[in-house]
1. On the basis of being closer than 16 Å to Gly211 by Cβ and at pLDDT 95 or above, does Val142 make the cut?
2. Do you know which residues across the stretch 323-337 are modelled with pLDDT under 95 and closer than 12 Å to Gly300 by Cα?
3. For residues in the stretch 332-342 being part of a loop (DSSP other than H, G, I, E, B) and under 20 Å from Leu207 (Cβ atoms), which is most open to solvent (accessible area, probe 1.4 Å)?
4. Just one of Leu348, Leu362 is at pLDDT 95 or above, in a helix (DSSP H, G or I) and not polar (S, T, N, Q); which is it?
5. Which ones in the stretch 257-271 are out of contact with any His (no Cβ under 8 Å at 6 or more places or on another chain) and part of a strand (DSSP E or B)?
6. Mind counting the residues in the stretch 352-369 that are within 17 Å of Thr251 (Cβ to Cβ) and not polar (S, T, N, Q)?
7. Among the candidates Ala247, Ala289, Ala216, single out the residue that is open to solvent by less than 30 Å² (accessible area, probe 1.4 Å), at negative phi and modelled with pLDDT of 95 or more.
Amino acid sequence: MSRAEAPRGGAVPLRRLRIAPAAMILALIAGCVPYSEPPPGYPGARPRPPRRWSPPPPPRRRPPPPVASESRPSWTASTVITDAADVPSQSYVVAAGDTLRGIGDKTGAGSEAIARANNIAWPFVVRVGQRLQIPGGRYHRVKRGESGIAIARAYGVPWHTIVDLNQLEEPYVLREGQRVLLPSTATVQSMTLEQRAAAFKIDIDDLITGGEPALAENEPVMPPGSSRPVPPNVPIVEPKAFAGRFAWPLTGPLLRRFGPLGNGRVSEGINIAVPSGTPIRAAADGVVAYAGDAIAVFGGLILIKHGSGWITAYGHTDAILVTRGQKVRRGQVIGRAGESGSVDQPQLHFEIRDKRKPVDPLRYLPARS
């Protein structure tokens, strides 16, 4: 077709084109739409490489319960150097100017052990010329800031064993320079793997008796404070007297009672079912002795000392709203219930202890309506 034959405006009639209108439209579309790979199995599709198997992501671990203070547990306040000395059994004649602590320093034995071996009562007075029996054994000299739990872990022995060997009593606060008797080296070497592993597990009794850091020899124990957290290297003291009345920390159906559970297991408190987030209230006036999650089975745990040797424990908390050393009043909210630890439904584990010994809380709480 010559230029003269073309219509005005330069347009070429479709009937004179050698390409079909439908094909032209498809060509225009193909020029505007980006190319995409045909699906598998379609003619002309390229084979896709096989997918590599990857393991599923690990299950999300439940975060530890939030606490009101970021201070570390007290038994991490100081590193323990294992420099215990073996002391032979011997006798010692008291000289002028001797004190029981001085005799312990001379012989390497604990002054408390010497007092027990010779039936010397408080105030531990010795007489010149008195012949004393020095009990032999393996003794660790306590440094300032060391706690009982830290000492036990350093030597790989259970803290409760050291408590029994030394006949420790309230308030269970060690002193700088004090010598504590340890199991012998032979005893430790004869321990099984299970016994060695158990030495690193702690329970509520360990927290009560071995959680406080050691004081300097004449340093006073810090009295209960306000809402400020007590530094982890500073011990606290419980109130002098107990008001003598406990209240329910919360209300709900009992999941577990105090006493034997079968298969050698024992419940040292009661478990109360409640909705998650239920406020937990202090059962009596006192001072917070511990707030954290060092005992995995209980998750978030709060211990309150009430005076006269009485202690309450609150486990499986999802939120801890008090700090170590804080004074609390009966009925004050100290945390919120949850399912932290080894439980699978929201609840509170509640204990009452009389001088370390767990007692049935239902005997000391008001009757339920």
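The values are calculated or read from the model by the stated rules, or taken from the named source; none is laboratory data. Predicted, not measured: the structure shown is a model, and the values here were computed from it. Virtual Cβ from ideal backbone geometry, glycine too; neighbours counted across all protein chains shown. Side chains included, ligands, DNA and RNA excluded: accessible areas come from the protein's heavy atoms. Shrake-Rupley method; radii C 1.70, N 1.55, O 1.52, S 1.80 Å.
1. Numbers: closer than 16 Å to Gly211 by Cβ: yes; at pLDDT 95 or above: yes.
In short, yes.
2. None; the set is empty.
3. Filtering the stretch 332-342 down to residues part of a loop (DSSP other than H, G, I, E, B) leaves 332, 339-342.
Pick out the ones that are also under 20 Å from Leu207 (Cβ atoms) and you get 340-342.
Details: Ser340: 7, Gly341: 38, Ser342: 83 Å².
Going through the qualifying residues, I end up with Ser342.
4. On the way: Leu348 fails: in a helix (DSSP H, G or I).
Result: Leu362 is the single residue among Leu348, Leu362 that is at pLDDT 95 or above, in a helix (DSSP H, G or I) and not polar (S, T, N, Q).
5. Filtering the stretch 257-271 down to residues out of contact with any His (no Cβ under 8 Å at 6 or more places or on another chain) leaves 257-268.
Selection gives Gly259, Pro260, Leu261, Gly262, Arg265, Val266, Ser267.
6. Within the stretch 352-369, the subset within 17 Å of Thr251 (Cβ to Cβ) is 352, 361-362, 364-369.
Imposing the further condition that a residue be not polar (S, T, N, Q) reduces the set to 352, 361-362, 364-368.
Summing the residues that are within 17 Å of Thr251 (Cβ to Cβ) and not polar (S, T, N, Q) in the stretch 352-369 gives 8.
7. Working: Ala289 fails: modelled with pLDDT of 95 or more; Ala216 fails: modelled with pLDDT of 95 or more.
On inspection, the qualifying residue turns out to be Ala247.
Conditions tested, residue by residue: (1) assigned to a loop (DSSP other than H, G, I, E, B); (2) at pLDDT below 95; (3) closer than 17 Å to Gln178 by Cβ.
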position: Trp53; (1), (2), (3): yes, yes, no
position: Ser71; (1), (2), (3): yes, yes, no
position: Trp75; (1), (2), (3): no, yes, yes
position: Ser78; (1), (2), (3): yes, yes, yes
position: Ile81; (1), (2), (3): yes, yes, yes
position: Asn119; (1), (2), (3): yes, no, no
position: Trp122; (1), (2), (3): yes, yes, yes
position: Gly129; (1), (2), (3): yes, no, no
